[in-house]
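Everything below concerns the one structure shown next.
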Amino acid sequence: MHVEQDLTTTLITEEQIQRRLADLAVDIAEDYDGLDLLLVGVLKGAVMVMADLSRALDRHLEMDWMAVSSYGSGTTSSGVVRILKDLDTDISGRHVLIAEDIIDTGLTLSWLVANLESRGPASVNICALLRKPDAQRMSVDVKYVGFEIPNEFVVGYGLDYDGRYRNLRSIATLSPHVYG
Ligand code: IMP
């Protein structure tokens with residue numbers, strides 16, 4: 001069965017994603033000029049954002065990864081955040097930029113920022129490719145946002161439904177027949 005048959009609409013194309021990330025990289029390069037930069041990716045959703053954003057940045061940087069869980073296999077946020085894999089790096093005195101795929105409720109990121117802040121970094125900022133409207137409620141300060149999207153469940157470019165669809169190059173909505 002083809003992946004295409006599971007999708008309804010392409011919300012954001014591969015070209016749009018790459019162009020937006022290139023723009024964000026210009027802003028980031030300017031803001032972090034002269035500062036050391038540590039990109040922190042949140043597994044697994046942020047792998048594509050991390051890969052493309054980091055390569056759009058023509059400067060020295062380091063990358064590290066965390067894995068947290070906030071979702072089960074469904075499509076609604078549980079609000080429970082757990083560290084599955086912590087950073088390998090000591091971030092005290094470092095400028096940390098979290099690379100994220102999406103902010104939905106913002107629960108995951110607000111928790112993550114507080115957690116990282118407690119380790120004494122020089123700064124912690126967020127770059128998220130997508131933001132849903134509900135994110136307003138948590139007042140998470142996201143410095144770099146790729147696209148504002150409607151409150152729909154989306155897949156692709158790192159985002160999954162039940163572990164699948166992360167390898168799509170674009171961001172798309174899922175056909176109801178997939179939800180079962
Ligand atoms: P939040 O805590 O509600 O902001 O959820 C953040 C996490 O939920 C993201 O990092 C994603 O892994 C997942 N998530 C939220 N919305 C979607 C979606 O539309 N598609 C796929 N995953 C999503």
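Add -39500 (n - 2.57) for each DSSP H run of 4 or more in the chain, then divide by its residues: what number comes out at 222 nm, to the nearest 500 deg cm²/dmol? Could you put the intermediate results ahead of the total?
Details: 4 runs with 43 residues, N = 180.
Here the helix-only value at 222 nm equals -7000 deg cm²/dmol.
Ordering ALA67, VAL26, LEU57 by the projection of their Cα atoms onto the charge dipole of the stretch 22-74, which places +1 on the Cβ of Lys and Arg and -1 on the Cβ of Asp and Glu, puts ALA67 at the extreme positive end. Take every Cα pair under 8 Å whose residues are at least 6 apart in sequence, average their separation, divide by the length of the chain, and the relative contact order is 25 percent.
Counting only protein heavy atoms and using a 1.4 Å probe, the accessible area of VAL26 comes to about 90 Å². Computed on protein heavy atoms with a 1.4 Å probe, the accessible areas place TYR161, TYR32 in the order TYR161, TYR32, largest first.
Take the alpha carbon gyration tensor of the stretch 3-70, find the square roots of its eigenvalues, order them as a ≥ b ≥ c, and report rounded if a/c is under 1.5; if not, report prolate when a/b exceeds b/c, else oblate. Cα axes put the stretch 3-70 in the oblate bin.
How would the stretch 77-180 be classified by its alpha-carbon gyration tensor: rounded, prolate or oblate, with rounded meaning a/c under 1.5 and the a/b versus b/c comparison settling the rest? Because a/c hits 1.5 or more and a/b exceeds b/c, the stretch 77-180 counts as prolate. Near LYS132: Cβ cut-off under 14 Å, other residues only, Lys/Arg at +1 and Asp/Glu at -1. The net charge is -4. Can you compute log10 of I(q)/I(0) for the stretch 1-128 with the Debye formula, treating each Cα as one identical point scatterer, at q = 0.09, 0.10, 0.17, 0.21 Å⁻¹? Each listed q maps to, in turn, -0.29, -0.35, -0.96, -1.31.
The charge dipole of the chain, taken about the Cα centre with unit charges on the Cβ atoms of Lys, Arg (+1) and Asp, Glu (-1), comes to about 380 debye, rounded to the nearest 20. Remark: C-alpha extents of the stretch 120-180 on the principal axes read 45, 24, 19 Å, sorted largest to smallest.
The values are calculated or read from the model by the stated rules, or taken from the named source; none is laboratory data. All of these numbers come straight from a predicted model, not from anything done at the bench. Cβ sites come from the backbone with ideal geometry, for glycine too, and all protein chains shown count toward neighbours. Quick note on the areas: whole protein, heavy atoms, side chains included, nothing else; ligands and nucleic acids left out. Shrake-Rupley method; radii C 1.70, N 1.55, O 1.52, S 1.80 Å.
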